[in-house]
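**Q** Next up is a structure, given as structure tokens.
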Amino acid sequence: MNLEQLEQIAKEGIALAQDAQSLEQWRIQYLGRKSALSLFFNSLSKLSLQERKTQGEKANKIHKLLKNLYIIKKDEIEKGANELNKGSSNFLDITQPGDKKTQGHLHPLTLVSRDIIASFEKMGFSIIEGPEIEKEYYNFDALNIPADHPAREMWDTLWIKPTSKKQKSKTLLRTHTSPMQVRFMEKNQPPFRIIVPGRCFRYEATDSSHEIQFYQIEGLMVGEDINLSNFKAIISEIIKDIFKDNVSVRFRPSFFPFVSPGVEVDIRQELKGDKSNNNWLEIMGAGMVHPALFKRVGYENNRWQGFAFGLGVERIAMIKYKIDDIRLFFNPDIRFLEQF
């Protein structure tokens, strides 16, 4: 058998193989059990000892060479196939209709809260945060609402069970963000203007306009010449900036133990051609800070005055998005959330 000729023909054949199928055919022809090289190994026993040694060594070298050529060629073909598949996976057919991707978005209360905060920031208010688990002193006593005061009935409270008998002060889930008025004034001197966004809790029955949890933005502005007219001017501008529509604002006398005098603020959207939303809706309670609070935090007597307010985020959102049930904000119904 002419081994040199076999080697040459095999090299030429593998060079022509361009895919896995043609390479497999080459392997069967030159390295398979019925290949000429395999048949040659089977016939070595018929040769003389010297020929067996010479021809056998030469055949082994050729077999090893062809096997290495096969491995190299196989790697080249597989690599080329992978590159081809990679390229095809990135192919974009612009004639095919696209798939609509579901995109997440912010909750409506988050959107409204950000709008409100941005409006107050334009007026120079700083953003302060406070604890949701509050002490009875800051939630009630420091705000002129002692234990025997009838005004406590206005705030249905979720009390937290004491962890031990040695615990002196009672704790609760804050019923409003007003405790931050005293907390902030204890550590800061006027003049200042702040807002305190946060979640509050009330132990009360839920209905279309009341929830066991709600979001409130507390506001406090203190200086030497702050009066109720300043409050009315600032709040009117804030409300108009939030709604970007023709909004009517009215102020009504009210009572809150920690302000004197106290007011409530109502708003009503007046859209042209739309008379479906002509009812007034209360959005905040407010008033001039009671002098007892200034005295309690150690401010100089009769020098400072200011106003405070608590604004309901859900109430603003209900008017802005025309939502008639506050419970929808805390309902996981995706159909409601997808509207925003």
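Please treat every number below as a calculation from the coordinates, not as lab data. This one's a predicted model, so the numbers in the text were calculated from it and none came from an experiment. With ideal geometry, Cβ positions are generated from the backbone for all residues, glycine too; neighbour counts draw on all protein chains shown.
**Q** For the residues 289, 247, what sequence is obtained by ranking on other C-beta atoms within 10 Å, fewest first? Please report the intermediate quantities before stating the final value.
**A** Working: 289 22, 247 17.
Exposure proxy ranking, most exposed first: 247, 289.
**Q** Starting from the Cα gyration tensor of the stretch 149-302, multiply each eigenvalue by 5, take the square root, and state the resulting semi-axes largest first in whole Å.
**A** Its equivalent ellipsoid spans semi-axes of 30, 23, 13 Å.
**Q** Residue by residue through the stretch 204-212, which ³J(HN,Hα) values in whole Hz follow from phi under the Karplus form 6.51 cos²θ - 1.76 cosθ + 1.60 (θ = phi - 60°), with glycine and proline marked x?
**A** With the stated coefficients, the stretch 204-212 comes to 8, 5, 8, 8, 5, 10, 9, 9, 6 Hz.
**Q** Below 24 Å, Cα to Cα, which lysines can residue 79 reach? Residues fewer than 8 away in the same chain don't count.
**A** Leaving aside lysines fewer than 8 places away in the same chain, those within reach of residue 79 are 11, 64, 67.
**Q** As a footprinting exposure proxy, order 309, 340 by other Cβ within 10 Å, with the fewest listed first.
**A** Listing 309, 340 from fewest to most nearby Cβ atoms yields 340, 309.
**Q** Grab the Cα-Cα distance for residue 156 and residue 206, subtract it from 0.36 nm times how many residues apart they are, and report the gain in nm with one decimal.
**A** 16.8 nm
**Q** Of all DSSP beta bridges located in the chain, what percent are antiparallel, nearest 5?
**A** 95 percent
**Q** Right, next: The list (1) 29.7, 110; (2) 41.5, 127; (3) 21.7, 83 gives values of Rg and Dmax of the Cα atoms in Å, and only one came from this structure; which label was calculated from it?
**A** Given (1) 29.7, 110; (2) 41.5, 127; (3) 21.7, 83, the structure-derived one carries the label (2).
**Q** Quick check: residue separation of residue 268 and residue 244 times 0.36 nm, minus the Cα distance between them. What number comes out in nm? Before the final figure, lay out the partial values.
**A** On the way: separation 24, 0.36 × 24 = 8.64 nm, distance 1.28 nm.
Full-extension gain reported as 7.4 nm.
**Q** Starting from the Cα of residue 114, move 7 Å in the Cα-to-Cβ direction to define the label point; list residues of the stretch 324-338 whose amide nitrogen is under 19 Å from there.
**A** Answer for the stretch 324-338: 329-330, 337-338.
**Q** Enumerate the helices in the chain for which the Kyte-Doolittle hydropathy averages 0.0 or more and the C-alpha atoms extend at least 24 Å along the helix's axis, using complete DSSP H runs.
**A** Span-like helices here: none at all.
**Q** For a footprinting-style exposure proxy, rank 284, 185, 123 by other Cβ within 10 Å, fewest first.
**A** 123, 284, 185
**Q** Please list the non-local residues whose amide H lies under 5 Å from the amide H of residue 262, H modeled 1.01 Å from N, same-chain partners needing a gap of 5 or more.
**A** 254, 256
**Q** Another question, if that's okay. Give 168/295; 187/232; 232/320; 244/295 a once-over and call out the pairs whose C-alpha atoms are over 29 Å from each other.
**A** Long pairs (Cα-Cα over 29 Å): 244/295.
**Q** May I pose another question? Report the extension gain between residue 39 and residue 22 in nm, rounded to one decimal, defined as 0.36 nm multiplied by the number of residues separating them, less their alpha carbon distance. Walk me through the intermediate numbers first.
**A** Details: separation 17, 0.36 × 17 = 6.12 nm, distance 2.20 nm.
The residue 39-residue 22 span can extend by a further 3.9 nm.
**Q** Using the Cβ atoms and a cut-off under 14 Å, what net charge is assigned to the surroundings of residue 71, where Lys and Arg are +1 and Asp and Glu are -1? Show your work: numbers first, answer last.
**A** Working: positive: 27, 64, 67, 73, 74, 79; negative: 24, 75, 76, 78.
Charge balance in the 14 Å sphere: +2.
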